[in-house]
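Below is one structure, written out as structure tokens, with a few remarks after it.
The values are calculated or read from the model by the stated rules, or taken from the named source; none is laboratory data. These figures come from a predicted structure and were not determined experimentally. Counting neighbours? That spans all protein chains shown, and the Cβs are built from the backbone with ideal geometry, glycine included.
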Amino acid sequence: MSIRNSVLATLVLVASSGCATAYESAADEVGSATIFNSVGEDVGSVRLYSLAGEVTISVSVQGLPEGSHAVHLHTAGDCSAGDFTSAGGHLNPGGNQHGTRNPMGAHLGDMPNVPVSADGIGTMSTILRGSSDTVLAQIFDRDGTAVVVHAGPDDYRSDPAGNAGNRIACGIIVPR
């Protein structure tokens, strides 16, 4: 095989296998979701990773309106309602108020906004509050957990949902 063909074969192998970050390569993937909009189009994905007693969630979206969008974990793994209200309220096993800027918060389901560019693409990654054993038990409880994307940004204060607007996309997190 020529050097050129060897380089091309390597590039094809790398491209087809995806590009994992160093964290993703070291961590165990423990869950995932596909995010759908209200007409059933795939608009994103979620990956949960566990490493060193922590759980990290990574969200990638495409085809959403430009701007900041709240992303929350919700109490039920159910996206069947057209407005995604079937997902219930925020995942809040500690009974806290909403928001990382609220002195009485935050919910386990409170996460940073995902910034979406003019081309409709955005990503967000964060460490979920709590130990991996506790967090994963809450996410993978008997009725599951949904990840919901909202029309607007979370203000990180307003209880119960950060004044983030309508739910525009939803995915059910499943264990790996």
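Annotations
- Test: PRO160 is in contact (Cβ under 8 Å) with a residue 40 or more places away in the chain, farther than 20 Å from VAL39 by Cα and either charged (D, E, K, R) or not in a strand (DSSP E or B) (or both): yes
- Apart from one condition, VAL30 fits all of (1) part of a strand (DSSP E or B); (2) modelled with pLDDT under 80; the exception is (2).
- Search result, residues across the range 49-82 that are in a loop (DSSP other than H, G, I, E, B) and either in contact with a His (Cβ under 8 Å, 6 or more places away or on another chain) or within 13 Å of PRO112 (Cα to Cα) (or both): ALA70, THR75
For every residue, the table says whether it meets (1) polar (S, T, N, Q); (2) on the phi > 0 side of the Ramachandran plot.
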| position | (1), (2) |
| --- | --- |
| PRO115 | no, no |
| ARG129 | no, no |
| SER132 | yes, no |
| PHE140 | no, no |
| ALA146 | no, no |
| ALA151 | no, no |
| TYR156 | no, yes |
| ARG167 | no, no |
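- Any hit, the range 90-99, residues being outside any loop (DSSP other than H, G, I, E, B), at negative phi, crowded, with 18+ Cβ neighbours inside 10 Å and at pLDDT below 95: yes
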